[in-house]
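For reference, the structure discussed in these notes is given below.
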Amino acid sequence: MNERLEKIFGGKVPEVDLGAGLDLSQYARNCENVIGVVTLPVGVVGPLRTEEGREYRLPLATTEACLVASVNRGAKVLRQAGGATVRVRHCGISRAPVYRLLKQMTEAEVRVWVAENEARLQAACETVSGHTRLLRTEVRVVEGNLHMRHWFDTGEAMGMNMATIATKAMAEQVVETGLPVRLVAVSSNWCSDKKPSETIRVEGRKYQVEVGVTVTDEILRAVLHCGAEELQHVAVAKLEQGSALAGMTATNSHHANIIAGVYAALGQDLAHIVAGSQGVTKVEATPAGLRVGVELPAVVVGVLGGGTRLPLQGQYQSLIGLTAPMGHGERTAELAGVVGLGVLAGEISLLGALAAKGLAGAHEKFR
């Protein structure tokens, strides 16, 4: 290992076993110039229960003490409340090439061209992978540039690489089949890949997930040591007022905490935490109790490809208890729903800790 480091950087390097005795060749597909691995502790949360009685375990990789314990406490609330409702909507993964118009065209004219050449674009897309399917294409013309945004179904894979390669193949068809354009870039920011945007917040990306549970005052007092009224006061002050003062569009307590832990443990693309953190948490009093819900606009995950092929990440995925068949995205959609359950548990527990004035004490104890 040290010889490799010296070759890359020159000179002598400290005697450190950055590979922790591992065969680093198994990581070469996912990282160039591999010199070692980073070890993070992984805790397990659960069971996370749905309203239908399904139960899941969720691995979280984190260096933040109390996080796993906190989400586990929220999971207990979900179980005692009879489980959470889970809704998952497939949006598709997007990629947005941009072209320079060589003669003036309106958006309406481009849309006609897209409709007439839909089969040709679909065929180009499918040459990349039989699991990649073009769902729809949007167009905008801005100051002589033609922006297209393609949405893809990529099956059980997260699919960003598949979408990029398919977009390149379709771009060749766009240039070759009559549109007066030249390709500027295979990706503009319209796809909002790995960046926060109003587009993602409103339209979603990969999966939109909504999860919610109704909790009685008795359960809150027994598990979180606070009442429904106190928790709702915290929600108004923190999620509504505090977020507004900060100019936030993502009005949540700590969605990113859970999403980051899940993505790291399961070999997901970590940069998609950015979109995953744009969610909203809502707390509302109902006759049956306090309704707590989370809306996640972009859970960008996959169960095949990418970092899921790494040895430990694959094992952690098998820990969850996914039961949907592997095929056309059913299992990936189930995983997205489980991520939502974990986020909901984390939100309930943190809001409860704030309401019970216990957050600082927990971190003082375990810092």
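Each value in this text was obtained by applying a stated rule to the coordinates, not by laboratory testing. Treat the numbers as computed from the prediction; the structure is a model and nothing was measured. So basically every Cβ, Gly included, is an ideal-geometry build from the backbone, and we count neighbours across all protein chains shown.
Brief remarks follow.
- The angle between the Cα long axis of helix 330-355 and the main principal axis of the chain comes to about 40°, on a 0 to 90 degree scale.
- Legend: distances between Cα atoms for Lys7/Lys195; Lys76/Lys206; Lys168/Lys194; Lys168/Lys195; Lys76/Lys282; pairs beyond 24 Å are Lys7/Lys195; Lys76/Lys206.
- Residue order, fewest to most surrounding Cβ atoms within 10 angstrom, among Thr216, Thr50: Thr216, Thr50
- Computed [θ] at 222 nm, helices only, for the chain once each DSSP H run of length n ≥ 4 contributes -39500 (n - 2.57): -11500 deg cm²/dmol
- Cα-projected label distance for Arg182 with Leu40, points at 7 Å along beta-carbon direction, nm: 4.3
- Those lysines that a straight Cα-Cα span of less than 16 Å connects to Lys357, excepting residues fewer than 8 apart in one chain: Lys238, Lys365
- FRET efficiency for the Arg136 to Leu270 pair, using the beta carbon distance and R₀ = 35 Å, is estimated at 0.80.
- For a paramagnetic label modelled on Glu116 (point 7 Å from Cα along Cα→Cβ), amide N atoms under 17 Å away belong, within region 158-194, to 173-181.
- Placing unit charges on each Cβ (+1 for Lys and Arg, -1 for Asp and Glu) gives the chain a dipole about its Cα centre, and among Leu312, Thr281, Thr214 the Cα reaching farthest toward its positive end belongs to Leu312.
- Under a model in which nothing but the beta-carbon of Lys, Arg (+1) and Asp, Glu (-1) is charged, the chain shows a dipole of about 180 debye around its Cα centre.
- Computed extension gain for Val175 through Asp23, at 0.36 nm per residue and net of the alpha carbon distance, reaches 50.2 nm.
- Taken about its Cα centre, region 125-234 carries a charge dipole of roughly 520 debye when the Cβ of each Lys and Arg holds +1 and the Cβ of each Asp and Glu holds -1.
- Charged side chains reduced to their Cβ positions (Lys and Arg at +1, Asp and Glu at -1) give region 97-187 a dipole of some 220 debye around its Cα centre.
- When you filter the GluC sites (Glu not before Pro) in region 48-129 for DSSP loop state and at most 11 other Cβ atoms inside 10 Å of their Cβ, you are left with Glu52.
- In plain terms, the residue of Phe152, Phe9 with the fewest other Cβ atoms within 10 Å comes first and the most crowded comes last, giving Phe9, Phe152.
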